[in-house]
Amino acid sequence: MLVICAWCEREDKITILQEGNSAEGVSHGICPQHQQEQLAEVMKLFPPKRASNPKRRRRRRK
Ligand SMILES: [Zn+2]
């Protein structure tokens, strides 16, 4: 099984994440570089809250 980065492939690059026999099949993964980029994208979409509130609000009423 050969594992290549799907993001690199989209950019017409081939980054082999795991060497293997392509005859067994090709699987897709993500290389560390693209993983970082993806993480940055997610951070943009969902910025971490600065003030983390350890207390959980309880809405339970009796
Ligand atoms: Zn990549």
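A short reminder: the numbers here are calculations on the coordinates, not readings from a lab. Source: prediction; values computed, not measured. With ideal geometry, Cβ positions are generated from the backbone for all residues, glycine too; neighbour counts draw on all protein chains shown.
Worth pointing out:
- With θ taken as phi - 60° and the Karplus curve 6.51 cos²θ - 1.76 cosθ + 1.60 applied, the whole-hertz 3J(HN,Hα) list for segment 19-24 is 5, x, 8, 5, 5, 7 Hz, x standing for glycine and proline.
- When the helices of the chain are scored as -39500 (n - 2.57) per DSSP H run of n ≥ 4 and the total is divided over every residue, the value at 222 nm lands at -9000 deg cm²/dmol.
- Segment R61-H28, length gained on full extension (0.36 nm per residue, minus Cα span): 7.0 nm
- Close amide H pairs (under 5 Å, H built 1.01 Å from N) link L17 with V3, I4, C5, residues at least 5 positions away or on another chain.
- Burial order of peptide ranges 41-50, 14-23, 28-37, 1-10 (average beta-carbon count within 10 Å, highest first): 1-10, 28-37, 14-23, 41-50
- In order along segment 5-13, phi translates into HN-Hα couplings of 7, 5, 6, 5, 4, 5, 8, 6, 10 Hz, rounded to whole numbers, per the Karplus curve 6.51 cos²θ - 1.76 cosθ + 1.60 with θ = phi - 60° and x for Gly and Pro.
- HN-Hα J in Hz across segment 36-49 - Karplus 6.51, -1.76, 1.60, θ = phi - 60°, x for Gly and Pro: 4, 5, 5, 5, 5, 5, 5, 4, 5, 6, 10, x, x, 5
- The modelled label-to-label distance for the pair K44/N21, using points 7 Å beyond Cα in the direction of Cβ, is 4.2 nm.
- Taking every alpha-carbon pair under 8 Å whose residues sit at least 6 apart, the chain reaches a relative contact order of 30 percent.
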